[in-house]
Amino acid sequence: MERFFTLRYAALLGLLALLAALAFWNIRTLSALHQESVYFIDLSARQMALAQRLAADAARLDLADPEQRAQLAETLRKNAEFMANSHEMLTGEATRLPDLYRASEALRTVYYKPPFFLDQQVRRYLQTVRELLDEPDPARRAALRDSLLLAAREHLPEGLRQAARLYRDEAHERAAFLRGLGLGILALTLGLLFLDLFLIFRPLYRKVSDADRSLSEMARRMEEASRTDGLTCLPNRACMRETLERELSASRRYGNALSLLLLDIDHFSRFNTVYGHESGDRLLAEVALLLKNNLRLTDHVFRYEGEAFAVLATQTPLEGALALAEKLRRVIKGCAFGSQPLTLSLGLTAYAAQDDEENLLRRATQALKRAKDNGRDRVEVEPSAA
């Protein structure tokens, strides 16, 4: 009898393990699908707006004065380049498409087969934009402009709308399938758990469930602790390295602007001497909160080391980062800790082509040192060599 129950329990555990693996795969696949589909749906939807914007700017080009014409031409080039990059992402030329879209015959038909031939349409459209920008002859420019307006009004829209619908519908269909599969897995799991709970080892099941939850929570806390500074509750230096590497990779691929600020509390040792280390720790926590509350959601702030912090300003060129640094300096200067004035020294640099993590940190550190040497409570900029 004991062997019978042991074998039945082992079989039940095997089935539960299989279902758990399927559930994990299902959740992971659904999560990846959501992340990928949101990106590609948004990218495909923006193609329509970009096409209309290019046509509108082209129509305004000859009507503008010389200064505005130069600005419009630069905007046209940037938008055309962005649309071309987006098109290469959507067709899988720039990066590998997710399996969901790569296997879609409907999408291949829209891009490469009649009646839309969307890939050819988009390429011709962008080529027309480039020819318009490079064409000196007014009559030829007018013909190219009319061609753009016609394409933006009659030829491109339906193909772009159809592609956007397909990116959305393919994702919805796969998500619905995965949700249905998840519900089936859940139903089977619940049935097996019911048998396990009531027919075999109910107390053992409770203990195993409790232990599993405790281990999962412990693992989550350990992971969080390894990436978070315990004093300021900011991401730590190790997390900063990971984030910086990721943002540098994005800047190299897409040309995004990126700036790095190193901030150091001036005369921090004096605070520790006057008020004690516990008060110094409280000061660090308060400064961290002030920094966090005065940044954009897209920016990142980290506890770098000691009394130093780092701010990674994404999509921000040097001029914008300088304004941000001055803002942070004024915010901190407007505060006081006891009778001691509170100021920051800041070192700033911006990403340049071929920069790596060490170059960026080295320049920011040099700028911070110069800010300290030049009297503190100031921002110094270390430009790149490029």
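The values are calculated or read from the model by the stated rules, or taken from the named source; none is laboratory data. None of these values were measured; they are calculated from a predicted model. In this analysis, Cβ positions are derived from the backbone assuming ideal geometry, glycine residues included, and neighbour counts consider all displayed protein chains. Heavy atoms of the whole protein, side chains included, go into the accessibility calculation; ligands, DNA and RNA do not. Shrake-Rupley method; radii C 1.70, N 1.55, O 1.52, S 1.80 Å.
From the list 124, 145, 130, 161, pick out the single residue that is in contact with a Lys or Arg (Cβ under 9 Å, 6 or more places away or on another chain), assigned to a helix (DSSP H, G or I) and touching a residue at least 24 places away in the same chain (Cβ under 8 Å).
130 is the lone residue from the list that is in contact with a Lys or Arg (Cβ under 9 Å, 6 or more places away or on another chain), assigned to a helix (DSSP H, G or I) and touching a residue at least 24 places away in the same chain (Cβ under 8 Å).
What's the number of the condition residue 202 fails, among (1) at pLDDT 75 or above; (2) farther than 30 Å from residue 301 by Cβ; (3) surrounded by fewer than 16 Cβ atoms within 10 Å (Cβ to Cβ)?
(1)
Somewhere in the range 134-147, is a residue under 29 Å from residue 38 (Cα atoms), of a type outside the set (Lys, Arg) and crowded, with 17+ Cβ neighbours inside 10 Å?
No, every residue in the range 134-147 fails to be under 29 Å from residue 38 (Cα atoms), of a type outside the set (Lys, Arg) and crowded, with 17+ Cβ neighbours inside 10 Å.
Name the residues in the range 13-63 that are open to solvent by 60 Å² or more (accessible area, probe 1.4 Å) and aromatic (Phe, Trp, Tyr), would you?
24, 25, 39
Considering the range 355-385 alone, what residues qualify as being touching a residue at least 40 places away in the same chain (Cβ under 8 Å), over 17 Å from residue 268 (Cα atoms), more than 25 Å from the chain's Cα centre (by Cα) and not in a loop (DSSP other than H, G, I, E, B)?
365, 367, 379, 381
Sort out which residues of the range 96-123 are of a type in the set (Val, Ile, Thr) and either open to solvent by less than 20 Å² (accessible area, probe 1.4 Å) or at pLDDT below 80 (or both), and write them in order of number.
110, 122
Residue 352: small (Gly, Ala, Ser), in contact (Cβ under 8 Å) with a residue 24 or more places away in the chain and outside any helix (DSSP H, G or I), yes or no?
Yes; evaluated as a whole, the condition is true for this residue.
Yes or no: the range 354-365 includes at least one residue that is farther than 18 Å from residue 252 by Cβ and among the acidic types (Asp, Glu).
No: the range 354-365 contains no residue that is farther than 18 Å from residue 252 by Cβ and among the acidic types (Asp, Glu).
Among the candidates 273, 298, which residue alone is out of contact with any helix residue (DSSP H, G or I) (no Cβ under 7 Å at 6 or more places or on another chain) and in a loop (DSSP other than H, G, I, E, B)?
Criteria check complete, one pass: 298.
Restricting the range 258-304 to residues that are closer than 21 Å to residue 321 by Cβ and of a type in the set (D, E, K, R), which is surrounded by the fewest Cβ atoms within 10 Å (Cβ to Cβ)?
Within the range 258-304, the match that is surrounded by the fewest Cβ atoms within 10 Å (Cβ to Cβ) is 296.
Find the residue count for the range 325-349, including only residues that are touching a strand residue (DSSP E or B) at 6+ places or on another chain (Cβ under 8 Å) and part of a helix (DSSP H, G or I).
Total satisfying the criteria: 6.
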